[in-house]
Amino acid sequence: MDFFETVMVRRSVRVFQEKDVDALDVKQIIESSMQAPSAGGLQAYRIYLVRNKETLEALAFAAHGQECVSKAPLAIVFTADQKRSASKYQERGFEFYSVQDATIAAAYSQLAAAALGLGSVWVGGFDPFEVSRLVRAGAYEVPVAIIPIGHPAENPARPQGRSMKALVREV
């Protein structure tokens, strides 16, 4: 699937088949995430793969009961590595660039999943302290996104979204 087709078919999938994600697919998703642009090439983020059912259920609870997390065979938690970014960019890196790095890497994971015919959804509502505890995140690592991934058991319609005219301003 080419890039533009991948972007157009990607949807927020919240219902998954009871089927594992192939190890090669997981590898390709992670490798794609690692190709995301990052400030100074630092890749100031960490990627946590969660497959354990009990941990997935605990993550879903930490995500305010979002069952899509526990129903997926895999969830990827992206954390911003504030200290790594601050080593080059001081406060701006600590507070902002590390979050951007993790966010872009997470978005790339969703595009890679879509290109492989898998479904995913961005989960941004969660208790960051509990998610950190569950994945055993290091000091100065802040959770940015949980991305449940699996074989889709639904085909959501494309959301309406805003028009290009409403979104774009030429200056």
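The values are calculated or read from the model by the stated rules, or taken from the named source; none is laboratory data. On a predicted model such as this, the values are computed, not experimentally measured, just so you know. Counting neighbours? That spans all protein chains shown, and the Cβs are built from the backbone with ideal geometry, glycine included.
Restricting to helices (runs of 4 or more DSSP H) lying wholly in region 6-75: which have 3 or more residues that are surrounded by fewer than 18 Cβ atoms within 10 Å (Cβ to Cβ)? Helices (runs of 4 or more DSSP H) meeting the threshold: 23-33, 53-62. Only a single item in (1) over 22 Å from Val26 (Cβ atoms); (2) touching a residue at least 60 places away in the same chain (Cβ under 8 Å) is not met by Ser163, and it is number (2). Is there a residue in region 100-110 that is of a type in the set (Val, Ile, Thr), out of contact with any Lys or Arg (no Cβ under 6 Å at 6 or more places or on another chain), over 26 Å from Glu18 (Cα atoms) and free of Cβ contacts under 8 Å to residues at least 60 places away in the same chain? Yes, because at least one residue in region 100-110 is of a type in the set (Val, Ile, Thr), out of contact with any Lys or Arg (no Cβ under 6 Å at 6 or more places or on another chain), over 26 Å from Glu18 (Cα atoms) and free of Cβ contacts under 8 Å to residues at least 60 places away in the same chain.
Helices (runs of 4 or more DSSP H) fully within region 98-171 that include at least 3 residues being over 15 Å from Ala80 (Cα atoms) and hydrophobic (A, V, I, L, M, F, W, C): 98-115, 164-167. Residues that are touching an Asp or Glu at 6+ places or on another chain (Cβ under 7 Å) and of a type in the set (A, V, I, L, M, F, W, C) do occur in region 107-116. Consider region 109-140 and keep the residues that are aromatic (Phe, Trp, Tyr) and more than 8 Å from the chain's Cα centre (by Cα). The one that is farthest from Gln35 (Cα to Cα) is Phe129.
As a summary of the residue check, Lys88 satisfies the conditions (1) under 15 Å from Arg46 (Cα atoms); (2) touching a Leu at 6+ places or on another chain (Cβ under 8 Å); (3) not acidic (Asp, Glu) except for the one numbered (1). Checked against the criterion of being crowded, with 20+ Cβ neighbours inside 10 Å and farther than 18 Å from Asp25 by Cα, the candidates Ser109, Ser120, Ser98 yield just one match: Ser98. Here Asp25 meets the list (1) of a type outside the set (A, V, I, L, M); (2) free of Cβ contacts under 8 Å to residues at least 12 places away in the same chain; (3) in contact with a helix residue (DSSP H, G or I) (Cβ under 9 Å, 6 or more places away or on another chain) almost entirely, failing just condition (2). One residue is enough: does region 78-94 have a residue meeting the conditions in a strand (DSSP E or B), of a type in the set (A, V, I, L, M) and modelled with pLDDT of 95 or more? Yes, region 78-94 contains at least one residue that is in a strand (DSSP E or B), of a type in the set (A, V, I, L, M) and modelled with pLDDT of 95 or more.
Of all residue pairs spaced 6 or more apart or on separate chains, none has beta-carbon atoms under 8 Å together with a first member in region 72-83 that is among the small types (Gly, Ala, Ser) and a second member that is at pLDDT below 95 and surrounded by 23 or more Cβ atoms within 10 Å (Cβ to Cβ).
Regarding Leu42, is this residue touching a residue at least 24 places away in the same chain (Cβ under 8 Å), within 18 Å of Gln110 (Cβ to Cβ) and of a type in the set (A, V, I, L, M)?
Details: touching a residue at least 24 places away in the same chain (Cβ under 8 Å): yes; within 18 Å of Gln110 (Cβ to Cβ): no; of a type in the set (A, V, I, L, M): yes.
In short, no.
Restricting region 136-171 to residues that are closer than 18 Å to Val21 by Cβ and of a type in the set (A, V, I, L, M) leaves a set whose member that is surrounded by the fewest Cβ atoms within 10 Å (Cβ to Cβ) is Ala153.
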